[in-house]
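What follows is a set of notes on a single structure, which appears directly below.
The values are calculated or read from the model by the stated rules, or taken from the named source; none is laboratory data. Note that the structure is predicted; figures quoted are calculated from it, not measured. As a convention, Cβ positions derive from the backbone with ideal geometry for all residues, glycine included, and neighbour counts pool all protein chains shown. These area figures cover heavy atoms from the full protein model, side chains too; ligands, DNA and RNA do not enter into them. Shrake-Rupley method; radii C 1.70, N 1.55, O 1.52, S 1.80 Å.
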Amino acid sequence: MQFNDKSVVITGAGSGIGAALARRAAGLGARVCVSDRDGASAQRVAEQIGGMAVPCDVRDEDQVKALISSASRAQGDVDIYVSNAGLGGGDPSHAASQSNADWQLNWEVHVMSHVYAARALLPVMTSRGSGHLVNVASAAGLLNQIGDAAYSATKHAAVSFAESLAITHGNDGVGVSVVCPQYVATPLLGLSDADAAAQASLLTADDVARAITDGVEADRFLILSHPDVQKYAAHRGQDHDRWIKGMQMLRSKAVETFGGIKVENFYKLV
């Protein structure tokens, strides 16, 4: 689906990948609704691109429904919905050490937010025979993020749900894409474009935004801004035991190099 003259909604768009995608979609001629839990950040991005801003906490189904209703009234039925909001925390110690509240938070943001959006949008999209759902997951959804079990588990679930959407509704005229970036210089990791310029494995938010728009316009299901992820996923599928051992070695290298497991340092090792 082309972005020109389309109604686009992007969550988590007050900064990072979401903000970069809002700017790029507007540049391609889309009418963009910028949404974020931080309403002021959403408003700033919307003003930059001539779009509209709607605050939304994607953990709340009623707020997601209200977001879609507001965007539809202002700029027409939603053509492209990008479920981009996300978070990261990390394991305090062992792989099951995050609290129940943190596991629930990851589940609500990384999985249920996609479900809520699809639940609200699919009746309209299937009825008219067009629309595109974009679920932003992570390379962790195909591989694993060392040191953040809740993030990895819920991103795997996000990929699986996107597959279900594509399998069930591909013949209804609804396009589905799942985005699985690896390391990106965003506020989530406390990294900047300057950091990305110094490391080939670290991309900017603009790089990922370009990959997303290109992928949606090509009607691609799996959007990989980092091509190496496909190679890593293939290795995992071919010999899972060997892949686990390799990840154990990577974890040990991180501990030896950085004195501990910090997600924001891993891009320096791959």
Worksheet item: When both residues are 6+ apart or on different chains and their Cβ atoms are under 8 Å apart, which pairs have a first residue that lies in region 96-107 and is at pLDDT 95 or above, and a second that is basic (Lys, Arg)?
Response: Leu105/Arg59
Worksheet, complete the sentence: The condition of being in a strand (DSSP E or B) and buried (at least 19 other Cβ atoms within 10 Å of the Cβ) holds, among Val109, Val178, only for Val178
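Yes or no, residue by residue, for (1) touching a helix residue (DSSP H, G or I) at 6+ places or on another chain (Cβ under 8 Å); (2) open to solvent by less than 20 Å² (accessible area, probe 1.4 Å); (3) not hydroxyl-bearing (Ser, Thr, Tyr):
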position	(1), (2), (3)
Glu47	no, no, yes
Gly50	yes, no, yes
Arg59	yes, no, yes
Ala66	no, no, yes
Tyr81	yes, yes, no
Leu87	yes, no, yes
Discussion item. Looking only at region 222-270, count every residue that is free of Cβ contacts under 8 Å to residues at least 24 places away in the same chain and more than 23 Å from Ala158 (Cα to Cα) and tell me the total.
Written reply: 17
Discussion item. I'm checking my understanding of the structure. Among residues of region 5-22 that are closer than 16 Å to Ala205 by Cα and in contact with an Asp or Glu (Cβ under 8 Å, 6 or more places away or on another chain), which one is surrounded by the most Cβ atoms within 10 Å (Cβ to Cβ)?
Written reply: Ala13
Worksheet item: With region 194-270 as the region, which helices (runs of 4 or more DSSP H) entirely inside it contain at least 2 residues that are at pLDDT below 95, of a type in the set (Val, Ile, Thr) and surrounded by fewer than 17 Cβ atoms within 10 Å (Cβ to Cβ)?
Response: 240-258
Worksheet item: Of all the residues that make up region 23-39, how many are open to solvent by 60 Å² or more (accessible area, probe 1.4 Å) and assigned to a helix (DSSP H, G or I)?
Response: 3
